[in-house]
Amino acid sequence: MAVLLVTYELKSKFKDYSDLFKAIQSNCLQWWHYIENSWVVSTTDSANELANKLYPHIENTDHLLVVKIGREHQGWLPQGAWDWLNSKLY
């Protein structure tokens, strides 16, 4: 199982991106969404596999980045976010 960061910049003001958000949730075992435009997900997919499932739900002018999160990470988040993340990585 992998813990992946999914982050994006959605540029179309006229597109309904709700299918993208549903695709993120339905292709993951668990997820959290503490930061706008970013999700941390627990999934059996690789970064490449998940990105391929999300591409149909974005425009070619949008940006998408899916990366595997490793054990070295740092930031400023609520304690609940760190608890969730650390429970998936360790």
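Inspect all residues belonging to segment 48-66 and state whether any of them is over 17 Å from residue 89 (Cα atoms), in contact with a His (Cβ under 6 Å, 6 or more places away or on another chain), outside any loop (DSSP other than H, G, I, E, B) and of a type in the set (A, V, I, L, M, F, W, C). Taking every residue of segment 48-66 in turn, none turns out to be over 17 Å from residue 89 (Cα atoms), in contact with a His (Cβ under 6 Å, 6 or more places away or on another chain), outside any loop (DSSP other than H, G, I, E, B) and of a type in the set (A, V, I, L, M, F, W, C). Report whether or not residue 29 is closer than 29 Å to residue 79 by Cβ and surrounded by 16 or more Cβ atoms within 10 Å (Cβ to Cβ). So residue 29 fails the test. Would a scan of segment 37-55 turn up a residue that is closer than 18 Å to residue 8 by Cα, loosely packed, with under 13 Cβ neighbours inside 10 Å and charged (D, E, K, R)? No, because not a single residue in segment 37-55 is closer than 18 Å to residue 8 by Cα, loosely packed, with under 13 Cβ neighbours inside 10 Å and charged (D, E, K, R). Comparison of 58, 35, 24, 69 shows that the only residue that is touching a residue at least 60 places away in the same chain (Cβ under 8 Å) and in contact with a helix residue (DSSP H, G or I) (Cβ under 9 Å, 6 or more places away or on another chain) is 69.
Here segment 67-80 is the region considered, the condition is being of a type in the set (A, V, I, L, M) and at pLDDT below 95, and the residue that is farthest from residue 90 (Cα to Cα) is 77. Which of (1) touching a Lys or Arg at 6+ places or on another chain (Cβ under 6 Å); (2) farther than 23 Å from residue 89 by Cβ; (3) modelled with pLDDT under 95 does residue 13 not meet, given it meets every other one? In the conditions (1) touching a Lys or Arg at 6+ places or on another chain (Cβ under 6 Å); (2) farther than 23 Å from residue 89 by Cβ; (3) modelled with pLDDT under 95, residue 13 misses (1) alone. On the stretch given as segment 25-47, residues that are farther than 16 Å from residue 69 by Cα, part of a helix (DSSP H, G or I) and in contact with a strand residue (DSSP E or B) (Cβ under 9 Å, 6 or more places away or on another chain) total 1.
Considering segment 56-90, and only residues there that are within 16 Å of the chain's Cα centre (by Cα) and β-branched (Val, Ile, Thr), the residue that is nearest to residue 16 (Cα to Cα) turns out to be 58. Taken together, the criteria exclude residue 16 from residues that are part of a loop (DSSP other than H, G, I, E, B), within 23 Å of residue 72 (Cα to Cα) and either free of Cβ contacts under 8 Å to residues at least 24 places away in the same chain or of a type in the set (D, E, K, R) (or both).
Only one of the listed residues (20, 65) is surrounded by fewer than 16 Cβ atoms within 10 Å (Cβ to Cβ) and aliphatic (A, V, I, L, M). That residue is 65.
The values are calculated or read from the model by the stated rules, or taken from the named source; none is laboratory data. Here the structure is a predicted model, which means the values were calculated and not measured. We place every Cβ from the backbone using ideal geometry, glycine too, and count neighbours over all the protein chains shown.
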